[in-house]
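Every number here is computed from the coordinates shown, using simple stated rules; none is lab data. Keep in mind it's a predicted model, so treat the numbers as computed, not measured. Positions of Cβ are backbone-derived with ideal geometry, glycine not excepted, and every protein chain shown enters the neighbour counts.
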Amino acid sequence: MIESWQIREALRSRFGSMLVDEPGILDPLAALLNSYAPYKDSFPDLSVRVEDCLFNLLYERLGASMSVRMNDGTVRRIRTAELKDAADDVMGVLFSHLKVYSVNYDSLHAYCMESGSFSAMKTLYLNYDEFMTPGEKEVLARVIRDSRPRSEWDSWLSGSQV
């Protein structure tokens, strides 16, 4: 079962502690992830619903200014363009809870290929290496290194050479 605190930790650096620590704010996202069922949902459809839910939660709490106080005390405006990445962070919580077996690998791999989801790539790399050849895993590692800042992958990507 996915709990709100897991989503809170996934979004803390993006939206600041003051916002994500508000009681109950992320409960709708946890409920949405917990309602996921592979026989009725696809990752692309769920991702859109997560992004919509996230926008509604933020707009409800922050108003039209969409301004949030970050942990360093600065105030910044959340752009709608960054909600896709925030939704991907939330989807990563679901991905980390998936049982490791071939059907989930196939779904994650397909989603990763069509969306470029960093959370899907990370989950595939960390949890599904038994389904990949060494060559496929190295290509995945190269894509991760080339597309994201080192700070996002340095602690978990083996052979962290740039």
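Key figures for this structure:
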item: Paramagnetic reach from R76 (point 7 Å along Cα→Cβ, amide N under 13 Å) across region 48-68; result: 67-68
item: Separation between Cα centres of region 1-55 and region 93-135, rounded to whole Å; result: 19
item: Kyte-Doolittle at least -1.0, axis length at least 18 Å by Cα - qualifying DSSP helices, the chain; result: 43-62, 83-97, 102-115, 134-147
item: The chain - charge dipole about Cα centre, Lys and Arg +1 at Cβ, Asp and Glu -1, debye rounded to 20; result: 400
item: Where labels lie 7 Å past Cα in the beta-carbon direction, separation of D41 and S96 in nm; result: 1.7
item: Eligible aspartates and glutamates near K137 by straight Cα distance, threshold 15 Å, same-chain separation 8 or greater; result: D106, D129, D146
item: Contact order relative to length of the chain, as percent, for alpha carbon pairs under 8 angstrom and 6 or more apart; result: 20
item: Approximate spin-label separation L62-A110, in nm, with each point projected 7 Å along Cα-to-Cβ; result: 3.4
item: Dipole of the chain, positive end: most advanced residue of I7, V50, M66 [Cβ charges, Cα centre]; result: M66
